[in-house]
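Single-structure report; data block below.
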Amino acid sequence: MKNRVFQWIILLLLLGGTGWVVYYNLAQAQETIKVGKEAPDFTIKLLQGGSFTLSEQRGKGVIVNFWATYCPPCIREMPAIERQYQKYKEQGLVVIGVNTGEGRVTVQGYVNRLGVTYPIGLDPNFEVTNLYKTDPLPRTIFIDPEGKVKNVILGEMKETTIEENIAQILPK
């Protein structure tokens, strides 16, 4: 009888601990990226050379798109992001594609094949990805000229969705 009670106590403690960990992680994810709050600053090395710092983009509308080559929805939406980038870059739109966890050679092949010209950040150690609590992929953050998060989209975007969100972040 004592063993059975002890087993139940251990089971309840394990379930309670697991529930707390899940709750804590969900709460942390919601705290990091909130619409209307300032986007967390980051600096990332670029595939093309040099680096990109989010805070240096103030005054512009920014799209931060997290992606990976093993993510089919990511690859499918990149041409639409590229078309919108070409259409609006002269009006103050900045796009940064953040590749999560992959090497330069792999990423370069996909970027070349897809004809992407916007900057691609390399995040091999998931530093920016973890800062933005980006899981699963793709995830896209739309940031207004004041540096505030205007929208967060999880999953593949249609081109009309991209364009609608760009209209909300372009400088006036």
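The values are calculated or read from the model by the stated rules, or taken from the named source; none is laboratory data. Computed from a predicted structure; not experimentally measured. Positions of Cβ are backbone-derived with ideal geometry, glycine not excepted, and every protein chain shown enters the neighbour counts. Heavy atoms of the whole protein, side chains included, go into the accessibility calculation; ligands, DNA and RNA do not. Shrake-Rupley method; radii C 1.70, N 1.55, O 1.52, S 1.80 Å.
One table, with the values for the structure above:
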| item | result |
| --- | --- |
| Candidate residues PHE126, PHE142: accessible-area rank, largest first, probe 1.4 Å | PHE126, PHE142 |
| Zone of LEU170's modelled label, taken as backbone nitrogen in the stretch 51-86 under 15 Å from a point 7 Å along Cα→Cβ | 60-63, 83-86 |
| Whole-percent carbon and sulfur share, accessible surface of the chain, 1.4 Å | 56 percent |
| Answer label for Kirkwood radius over Cα pairs in Å (calculated), chosen among [x] 17.4; [y] 18.8; [z] 17.8 | [x] |
| Under the Karplus curve 6.51 cos²θ - 1.76 cosθ + 1.60, θ = phi - 60°, whole-Hz ³J(HN,Hα) for the stretch 119-130, x wherever Gly or Pro sits | x, 10, x, 9, 10, x, 9, 6, 5, 6, 4, 5 |
| Kyte-Doolittle at least -0.5, axis length at least 27 Å by Cα - qualifying DSSP helices, the chain | 2-32 |
| Selection from ASN151, LEU114, ASN165, by position along the positive dipole direction of the chain (Cβ) | ASN151 |
| For the chain, accessible area per residue (1.4 Å probe, heavy atoms of protein chains only), Å² | 57 Å² |
| Where labels lie 7 Å past Cα in the beta-carbon direction, separation of GLU146 and ASP41 in nm | 1.8 nm |
| Lysine pair count for the chain [Cα-Cα under 17 Å; pairs on different chains or 8 or more apart] | 19 |
| Antiparallel content of DSSP bridges confined to the chain, in %, to 5 | 60 percent |
